[in-house]
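The values are calculated or read from the model by the stated rules, or taken from the named source; none is laboratory data. Because the structure is predicted, anything quoted here is derived from the model rather than measured. A quick note on method: Cβ atoms are made from the backbone with ideal geometry, for glycine too, and the neighbour counts reach across all protein chains shown. Note: areas computed on protein heavy atoms with side chains; ligands, DNA, RNA excluded. Shrake-Rupley method; radii C 1.70, N 1.55, O 1.52, S 1.80 Å.
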Amino acid sequence: PAGSELLTPGEFQLIEQIRETDTKAKIPIFVRIASFQETSRKFRVPVILEIPSQAIRFDTKQGKHSARLAIVGLVRDRAGNLVKRFGGPVQVDLNEAEYNVLKPGTVSFVNHIQLLEGTDYSFEVLVKDLLSGTVSDDRQKCRHPSRA
């Protein structure tokens, strides 16, 4: 696919695994995007990812709860060209009190991307729970950021 030459072998394998995974077997994830003007031609786009805590496998040892995720974000222009990548491995370490507060809710991650105005972008966020092996993805479109 377009831009795949810019991906690491692990990121490409994650894309393939997600494509082969039945929708019902995927982690429920929610992605939201917005845009804020930073300069006359650049915009900051926060990409917010939320995952229900119950969908993540936590390993518990000596009162410490740990989860490991791989999060990969891909930003493409209107033609489908890969223009930005973001994300990487994430380690979540919680003590017992933090885990009990988080358990009924969601885990949130935010990445801020800088983009130029003048084109539409699509955002794809890929997630893999490294302890359970489960995966998911979500796509959002952003109409070209423009000055108000």
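Overview of values
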quantity	calculated
Some residue of the stretch 108-125 being over 16 Å from residue 30 (Cα atoms), acidic (Asp, Glu) and at pLDDT 90 or above	no
Among residues of the stretch 71-107, those that are over 17 Å from the mean Cα position of the chain (by Cα) and at pLDDT 90 or above, counted	13
Cross-chain or 6+ apart pairs with Cβ under 9 Å, the stretch 1-17 first and under 11 Å from residue 128 (Cβ atoms), then modelled with pLDDT of 85 or more and open to solvent by 60 Å² or more (accessible area, probe 1.4 Å)	11/85
Criterion violated by residue 45 - all others in (1) open to solvent by 20 Å² or more (accessible area, probe 1.4 Å); (2) in contact with a strand residue (DSSP E or B) (Cβ under 7 Å, 6 or more places away or on another chain) satisfied	(1)
Pair list, Cβ < 7 Å and 6+ apart or interchain, from the stretch 101-123 residues that are over 15 Å from residue 65 (Cβ atoms) and of a type in the set (Phe, Trp, Tyr) to residues that are open to solvent by 30 Å² or more (accessible area, probe 1.4 Å) and in a strand (DSSP E or B)	109/90; 121/76; 121/77; 123/33; 123/139; 123/140
Elements of type strands (runs of 3 or more DSSP E) in the stretch 90-146, at least 1 residues being open to solvent by 70 Å² or more (accessible area, probe 1.4 Å)	106-116, 135-142
Filter result for the condition that a residue is open to solvent by less than 80 Å² (accessible area, probe 1.4 Å), farther than 27 Å from residue 143 by Cα and either touching a strand residue (DSSP E or B) at 6+ places or on another chain (Cβ under 9 Å) or modelled with pLDDT of 90 or more (or both), over 33, 18, 56, 27	56
